[in-house]
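So the structure is just underneath, and the comments pick up after that.
The values are calculated or read from the model by the stated rules, or taken from the named source; none is laboratory data. Treat the numbers as computed from the prediction; the structure is a model and nothing was measured. Please note: Cβ atoms are built from the backbone with ideal geometry, for glycine as well, and neighbour counts cover all protein chains shown. Please note that ligands, DNA and RNA were not included when accessible areas were found on the heavy atoms of the full protein model with its side chains. Shrake-Rupley method; radii C 1.70, N 1.55, O 1.52, S 1.80 Å.
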Amino acid sequence: MKFSSFARCLRELESTASRKEMVGILAELLKRSSEEEVGKICYLCLGRLAPVYRSVEFNVAEKTMLKVLSFSFGVREDEVRSRYKKLGDLGSVAELLRGEYRGAGRGGDLEVAEVYNELLRIARDSGAGSQERKVHSLAALLRKLSPLGVRYCARIPLGQLRLGFSDVTLIEALAVMVGGGKEEVKFIRQKFNIRPDVGEIVRVIKLHGLEGLKEVGVEIGTPILPALAERMPTMEKIVEKLGEFAVEPKMDGIRLQIHLNKAVNGQPLVDSLESQRELFNEQGSKKESPGALVCIFSRRLDDVTDMFPDVVAAVQKLPVDSAIMDGEAIAYNPDTEEFLPFQETMKRKRKYNVAQKAAELPLKVFLFDLLFLNGKSLLETAFGERRRLLEKLVLDGNLLMAARHTKVNSARKLKKLFDLYISEGLEGVMCKRLDSPYQAGARNFNWVKYKRSAEGVGLPDTVDGLVMGYYAGRGQRAKFGVGAFLAGVFNPQKDRFETIAKVGTGLTDDQWREFSRRVGPLEVKAKPAEYCVAKELECDAWLRPGLVVEIDADEVTCSPVHTAARGLNIVRTGAENGAGLSLRFPRLVRFRDKLPEEATTVEEIMEMYRMQQT
Ligand code: ATP
């Protein structure tokens, strides 16, 4: 497919707010694409070059793109900047400049795959002089595209090509492409949860149809979406719901999914990284060490292997051929044997001075699940059995240990454990059904979390909200440029963000400063298409989806202006028709390291609302 034809499709997607239309346009686009290019087209549609867990970063800031455009189209940089000020989008500036350009190096068009390959090459270029080379290569590439093609291509290195949909919509389009409906969406989604690479999934469907997708299973080196926990209002209700279950301490650290693939006679036992390596050579192979390949993924699927050399070394010694483990890492003080607060553990998530921080802040990793062992997936195995196998792993007991785990069948016993863990400074308990499979990416009652915060008045849990925009600061706040921000929750049915709170409290001066710093690169000229916002809440500045924050509040209430869960059958209580849900007295707790789509969902908010009513 020619890039200009692809760009026309992106323009159609950009100009519609109807999700149904988006699904139709995408399905048609995928149908028209060849088997070789369809994966690349999927990534490009999402403004990426790879699945989220393969970090392919351009390191191209807006300032660099101004240079690229100036160089590419022979226009002075200050002229490019002044057009940018007027239009507010570098993609549109690039399109205009390309339209006016009559100089050398102009091309009619390129194939989508050619553009993709060149972008990937540019992104991977690193080391001395790479910034300069990137400017030249991008400039040459842009000249070869049509004006409309340039509009979209220029946004990709900036991370600014969000067309109002995510993987969720793309998966629906895949189902439509094969003439399927809800059942097919569910099936593809399940596969995506264990292989979160939409490019790979569409390639398999193109080649072998949905039948072929049945063969797709767990793969060492590809993260599985983590299983998530529900909430319940009281311990009695938990016991009522789960019967006999296991209780584990809920630790407040960093969730790590650890993959181990040992070599036997020099050969990796499970040789499944090949396809990834071909495409993302540098990223894929650098973690290989002579004996064992270890990959570590964060809660949001980032590859964080290089941040935890101590964990890698400990895992390599495990006497198994291959394994995938789920666990929580917490920093601790070896002198006092005390766990450190979350903020301290977070200091281990860094790219530089890794070894020094590892020595300063040693970790303990509490493994709480085993998803794959010696070449075999355990996702369908009951949790009780998975736990038994985990205990047989011979963990070193120093850095790697199994999370404490107690079988419980009464609220009295649960309360005793809860009090014990709280007295140790932990967050609460995780209650887990012993007969449940590991349901990747699902939040359900296989796991129920009960936190310290659930004990008092207020919300049963904090809410992770997407920062959608902000309001200018007045008085004291004028110095930060921000007075309050608008937060939203995710509606996965609609692939949209709906507003839940206007937050102006809970931030220290330092946090306001950090807020300003974080939102700067996310600012966009117009309200993003995937935001559902009432007129009364229009922001002074809009932000594309990127920043998620944890918010506490007194309760969930009905709201005439907020759009969260609006139109859904929220309540059995007296909520007015057409009302949405909002948070009463919302306040910021902390910045979260989550993807926009990992914000709290409208279903969860509705559940919290119902919990309050009982
Ligand atoms: P979620 O991960 O459910 O979206 P969240 O990120 O807001 O929610 P919490 O609600 O505080 O986090 O709790 C869930 C997290 O608790 C898990 O993702 C995991 O990192 C952590 N955790 C701590 N101890 C355990 C345990 N024993 N079993 C499972 N998860 C645990």
Q. Does any residue of the range 402-412 turn out to be more than 13 Å from Pro437 (Cβ to Cβ), away from the ligand (no atom under 12 Å from the Cβ), among the hydrophobic types (A, V, I, L, M, F, W, C) and touching a residue at least 24 places away in the same chain (Cβ under 8 Å)?
A. yes
Q | Wholly within the range 62-120, helices (runs of 4 or more DSSP H) carrying at least 1 residues that are under 30 Å from the mean Cα position of the chain (by Cα), loosely packed, with under 13 Cβ neighbours inside 10 Å and not hydroxyl-bearing (Ser, Thr, Tyr) | A | 62-73
Q. How many residues are surrounded by fewer than 21 Cβ atoms within 10 Å (Cβ to Cβ) and either part of a helix (DSSP H, G or I) or more than 16 Å from the ligand (Cβ to nearest atom) (or both) if we restrict to the range 221-234?
A. 1
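Of all residues in the range 418-441 being under 22 Å from the mean Cα position of the chain (by Cα) and crowded, with 16+ Cβ neighbours inside 10 Å, which is nearest to the ligand (Cβ to nearest atom)?
Taking the range 418-441 as the starting set, the residues that turn out to be under 22 Å from the mean Cα position of the chain (by Cα) are 438-441.
Keeping just the survivors that are crowded, with 16+ Cβ neighbours inside 10 Å gives 438-440.
Numbers: Tyr438: 11, Gln439: 13, Ala440: 13 Å.
The selected residue is Tyr438.
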Q: Go through the residues of the range 239-249 one by one and say whether even a single one is open to solvent by less than 30 Å² (accessible area, probe 1.4 Å), within 16 Å of the ligand (Cβ to nearest atom) and touching a helix residue (DSSP H, G or I) at 6+ places or on another chain (Cβ under 6 Å).
A: yes
Q: Determine which single condition Ala139 fails, assuming it passes every other condition in (1) surrounded by fewer than 20 Cβ atoms within 10 Å (Cβ to Cβ); (2) within 26 Å of the chain's Cα centre (by Cα).
A: (2)
**Q.** From Ile205, Ile258, residue being closer than 19 Å to Leu29 by Cα and buried (at least 19 other Cβ atoms within 10 Å of the Cβ)
**A.** Ile205
(Q) Cβ contacts < 7 Å: first residue in the same structural domain as Thr563 (by TED's automatic domain parsing) and within 16 Å of the ligand (Cβ to nearest atom), restricted to the range 538-550; second residue part of a loop (DSSP other than H, G, I, E, B) and at pLDDT 95 or above, any location; separation 6+ or different chain. Result? (A) Val548/Ala599
**Q.** Residues of the range 345-381 satisfying the condition of being assigned to a loop (DSSP other than H, G, I, E, B), more than 18 Å from Leu260 (Cα to Cα) and within 16 Å of the ligand (Cβ to nearest atom)
**A.** Arg348, Lys349
**Q.** Filter result (within 16 Å of the ligand (Cβ to nearest atom) and among the polar types (S, T, N, Q)) within the range 293-323
**A.** Ser298
Q) Looking only at the range 324-339, which residues are free of Cβ contacts under 8 Å to residues at least 40 places away in the same chain and either in contact with a Ser or Thr (Cβ under 6 Å, 6 or more places away or on another chain) or within 15 Å of the ligand (Cβ to nearest atom) (or both)? A) Tyr332
Q: Please work out if Ser285 is at pLDDT 90 or above, farther than 26 Å from Lys392 by Cβ and of a type outside the set (Val, Ile, Thr).
A: no
Q) Has the range 584-602 got any residue that is modelled with pLDDT of 90 or more, within 15 Å of the ligand (Cβ to nearest atom), open to solvent by 40 Å² or more (accessible area, probe 1.4 Å) and of a type in the set (A, V, I, L, M)? A) yes
Q. Looking at this structure, is Ala27 out of contact with any Ser or Thr (no Cβ under 9 Å at 6 or more places or on another chain), surrounded by fewer than 18 Cβ atoms within 10 Å (Cβ to Cβ), in contact (Cβ under 8 Å) with a residue 40 or more places away in the chain and of a type in the set (Gly, Ala, Ser)?
A. no
Q. In the range 178-194, how many residues are under 17 Å from Leu30 (Cα atoms), modelled with pLDDT under 95 and in a helix (DSSP H, G or I)?
A. 0
Q) Of these, Pro334, Pro341, which one is modelled with pLDDT under 95 and under 24 Å from Ala229 (Cβ atoms)? A) Pro341
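Tell me, please, whether a residue that is open to solvent by 10 Å² or more (accessible area, probe 1.4 Å), touching a strand residue (DSSP E or B) at 6+ places or on another chain (Cβ under 8 Å) and of a type in the set (Phe, Trp, Tyr) can be found in the range 460-470.
So far as the range 460-470 goes, yes, one or more of its residues are open to solvent by 10 Å² or more (accessible area, probe 1.4 Å), touching a strand residue (DSSP E or B) at 6+ places or on another chain (Cβ under 8 Å) and of a type in the set (Phe, Trp, Tyr).
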Q. Quick check: anything in the range 484-499 part of a helix (DSSP H, G or I) and more than 16 Å from the ligand (Cβ to nearest atom)?
A. no
(Q) I'm trying to understand the selection: among the residues of the range 344-373, which are open to solvent by 50 Å² or more (accessible area, probe 1.4 Å) and without any contact (Cβ under 8 Å) to a residue 60 or more places away in the chain? (A) Glu344, Lys347, Arg350, Lys351, Tyr352, Asn353, Ala355, Gln356, Ala359, Glu360
Q.
Given the condition free of Cβ contacts under 8 Å to residues at least 60 places away in the same chain and either farther than 21 Å from Asp89 by Cβ or surrounded by fewer than 16 Cβ atoms within 10 Å (Cβ to Cβ) (or both), answer yes or no: does some residue in the range 165-176 qualify?
A. yes
